[in-house]
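Undergrad: Have a look at this one.
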Amino acid sequence: MWGTLFNTSMIFLGSALGAFFKEKLKPAYHHTLMQALGICVILLGLNSASTNLQKSTYPVLFIISLTLGSVIGQLLHLEDKFNDLVKRFGSAKTSNGLTTGILLFCIGSLSILGPFEAALDHDYTYLITNGLLDGITSVILASAYGFSIALCGAVLFFWQGSLYLLALSLHNVLSTSLMTEISIVGGLLIFASGLNILKLTKISIVDLLPSLLIPPIFFLFWH
């Protein structure tokens, strides 16, 4: 678990630095940083989706996952509930920042595969690499959205901790193919988040999050 603790601490540190710079930067710089962040997020999402799609055994599964996931999210009104919760502590801008941060920190390939590598092979390379990347990303996010981005670190801790415990208990069931399918869906969600940052469209990312549950359910019944 120390790899996850390192990853989490890097987000807290990066958020503190970003929040400090936020007060020092003029609005024009914030706008430029958001544009740069949006472009980077889109590239990260596309890279994750396209790379894993080439390795996919079920190349249509991501379409089914996004379709079913969006319907489930809409039925449960996840986006509305999430926004209502965040607005108790901040603005709609904060909500957008937290959504982006959670997706970037939790749904990347390194963040998903890292806990499994740590639990099954005692290899912390992915988690250390992911922590360094998340530290840099959190500086950029916090410079735009403030220290609230540190909350993503708490979410990451529980997310990776859950994956770590899951890997220990289901090490005979989990497969690389499942991780591939989850990474495709996650990459597309990150890509959509980048479009939102650039204000090219407004996609309800939170309503799409149930899409990440469809591949595990599919593998559970199919295999």
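The values are calculated or read from the model by the stated rules, or taken from the named source; none is laboratory data. Everything numeric here is computed off the predicted structure, so don't read it as measured data. Here Cβ is always computed from backbone atoms with ideal geometry, including for glycine, and neighbour counts include all displayed protein chains. Each accessible area value is taken on the protein alone, full model and side chains, heavy atoms only, with ligands, DNA and RNA left out. Shrake-Rupley method; radii C 1.70, N 1.55, O 1.52, S 1.80 Å.
Undergrad: Can you find a residue in region 26-45 that is open to solvent by 20 Å² or more (accessible area, probe 1.4 Å) and over 23 Å from Leu195 (Cα atoms)?
TA: As a first pass, look at region 26-45 and keep what is open to solvent by 20 Å² or more (accessible area, probe 1.4 Å): 26-36, 39-40, 42-44.
Within this subset, residues satisfying the condition of being over 23 Å from Leu195 (Cα atoms) are 26.
Yes.
Undergrad: Oh, and also: In region 121-131, is there at least one residue being closer than 17 Å to Asn96 by Cα and either in a helix (DSSP H, G or I) or among the small types (Gly, Ala, Ser) (or both)? Please lay out each step first, then the result.
TA: Here is the first cut: in region 121-131, the residues closer than 17 Å to Asn96 by Cα are none.
Looking through region 121-131, none of the residues is closer than 17 Å to Asn96 by Cα and either in a helix (DSSP H, G or I) or among the small types (Gly, Ala, Ser) (or both).
Undergrad: Taking the options Val139, Val155, name whichever one is in contact with a Phe, Trp or Tyr (Cβ under 9 Å, 6 or more places away or on another chain), open to solvent by 50 Å² or more (accessible area, probe 1.4 Å) and in a helix (DSSP H, G or I).
TA: Working: Val139 fails: open to solvent by 50 Å² or more (accessible area, probe 1.4 Å).
Exactly one of Val139, Val155 is in contact with a Phe, Trp or Tyr (Cβ under 9 Å, 6 or more places away or on another chain), open to solvent by 50 Å² or more (accessible area, probe 1.4 Å) and in a helix (DSSP H, G or I), namely Val155.
Undergrad: Can we say Leu17 is modelled with pLDDT under 90, open to solvent by 60 Å² or more (accessible area, probe 1.4 Å) and not in a loop (DSSP other than H, G, I, E, B)?
TA: Values: modelled with pLDDT under 90: yes; open to solvent by 60 Å² or more (accessible area, probe 1.4 Å): yes; not in a loop (DSSP other than H, G, I, E, B): yes.
It is true that Leu17 is modelled with pLDDT under 90, open to solvent by 60 Å² or more (accessible area, probe 1.4 Å) and not in a loop (DSSP other than H, G, I, E, B).
Undergrad: Find all pairs meeting these conditions: Cβ atoms under 6 angstrom apart; at least six residues apart or on different chains; first residue within region 99-112 and in a helix (DSSP H, G or I); second residue modelled with pLDDT under 75.
TA: Hits for this filter: Leu110/Tyr126.
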